[in-house]
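Structure, as structure tokens:
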Amino acid sequence: LTLECQGRPTMRTDGKSSIPTRKVLVGVAHDVSDVRAADARLRATEARLFDALRSMSDAFVVWDKHDRLVLWNARYENFFGFTPGNLQIGMDRATIDYHARAVIAHITEADPETGSQEILLEDGRFLRYLENMTEDGGRVTVASDVSEIRHREEELRRNQDVLETNVSALKSMQGQLLELAQNYEQESIRAEEANQSKSEFLANMSHELRTPLNAINGFSDIMQKEMFGPLGDPRYKEYVNDILFSGKHLLSLINDILD
């Protein structure tokens, strides 16, 4: 048991005389065991709460209804440039906010749905800042470091820009390749037509040139050999030799050209 006692000394008579002769202590004793146990549980709970606040990765601070500092953790000090011992319970919020602005580069507008804000610190970190009212009129503020998320979003935006540029370039290349393919197809058709024209030209040349030359060479060969009788004048034989030689030479040149 835990008792809380209160009393005071006094003098009393012994019953035989009206003059007080005995010293006594008059008082009351209350059993406060439950109260002390409740206090112990409260202190343990507060200790666990403080341990939890110290280990939080988010900044945490509590203000009373008069905007005075009640509770905070080391993360809050780290984010807003305070060293241990700078902050004291009961400090005015306006004073604390004034000193905190020295490390803040930019604050965005509050989100109308969640009420949260984003704070850019001078060291490049991004904080998500959220504040809620308590039942007694105070406020609880939580600030989370979202720098990694913002950096990833920025990297994703850069990658998206690069991707869009590459897609645009690929589309442009695709159009160029399609145009080249169409041009190639047209050129192939023209080349095939030209090849066909060449084949027809060569066939015609072969027929139109070789046929009369074969006749010239054949008949001149017959005349040279005088197969059907003498030519008469010796100059005819000389002319026939020149005709046969020139015809064979011309046929050889035409064969080389056609080949």
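The values are calculated or read from the model by the stated rules, or taken from the named source; none is laboratory data. Keep in mind the model is a prediction, meaning the values are calculated, not measured. Here the Cβ is made from the backbone with ideal geometry for all residues, glycine too, and neighbour counts use every protein chain on show. To get the accessible areas, we keep the full protein, side chains included, count just its heavy atoms, and leave off ligands, DNA and RNA. Shrake-Rupley method; radii C 1.70, N 1.55, O 1.52, S 1.80 Å.
Side notes on the structure shown:
- Carbon plus sulfur fraction of accessible area for the chain, probe 1.4 Å, in percent: 56 percent
- For segment 79-142 versus segment 208-256, the gap between their alpha-carbon centres in whole angstrom: 116 Å
- Applied to segment 37-47, the Karplus parametrisation 6.51 cos²θ - 1.76 cosθ + 1.60 on θ = phi - 60° returns per-residue 3J(HN,Hα) values of 5, 5, 4, 5, 5, 5, 5, 5, 5, 4, 4 Hz, with x for Gly and Pro.
- GluC sites (Glu not before Pro) restricted to DSSP loop in segment 124-178 with at most 13 other C-beta within 10 Å: Glu135
- Set of aspartates and glutamates near Lys65 by C-alpha distance (under 18 Å), chain-local residues within fewer than 8 positions excluded: Asp92, Asp97, Glu131, Glu135, Asp136
- Among Ile96, Ile19, Ile243, the largest mean-square fluctuation in a Gaussian network model of the chain (Cα springs under 10 Å) belongs to Ile19.
- For segment 1-94, the relative contact order is 18 percent, taking Cα pairs closer than 8 Å that sit 6 or more residues apart in sequence and dividing their mean separation by the residue count.
- Rg to Rh quotient for the chain, alpha carbon positions, Kirkwood Rh: 1.85
- Extension gain, Gln174 to Leu87, is 24.9 nm, computed as 0.36 nm per intervening residue step minus the present C-alpha separation.
- Per-residue 3J(HN,Hα) values for segment 215-222, derived from phi via the Karplus relation 6.51 cos²θ - 1.76 cosθ + 1.60 with θ = phi - 60°, read 5, 4, 5, x, 5, 5, 5, 4 Hz in sequence order (x marks Gly and Pro).
- FRET efficiency for the Tyr239 to Lys198 pair, using the beta carbon distance and R₀ = 51 Å, is estimated at 0.85.
- Structural descriptor for the chain: relative contact order 10 percent, calculated from alpha carbon pairs under 8 angstrom and at least 6 residues apart.
- The H on the amide N of Gly138, modeled in the peptide plane, is under 5 Å from the matching H of Lys65, each at least 5 residues off or on a different chain.
- In a DSSP loop and with at most 14 other Cβ atoms within 10 Å, the GluC sites (Glu not before Pro) in segment 39-112 are Glu109.
- For the chain, the per residue solvent-accessible surface stands at 75 Å², with DNA, RNA and ligands left out and a 1.4 Å probe.
- Expected 222 nm ellipticity per residue - DSSP helices of 4 or more, -39500 (n - 2.57), all of the chain, to 500: -19500 deg cm²/dmol
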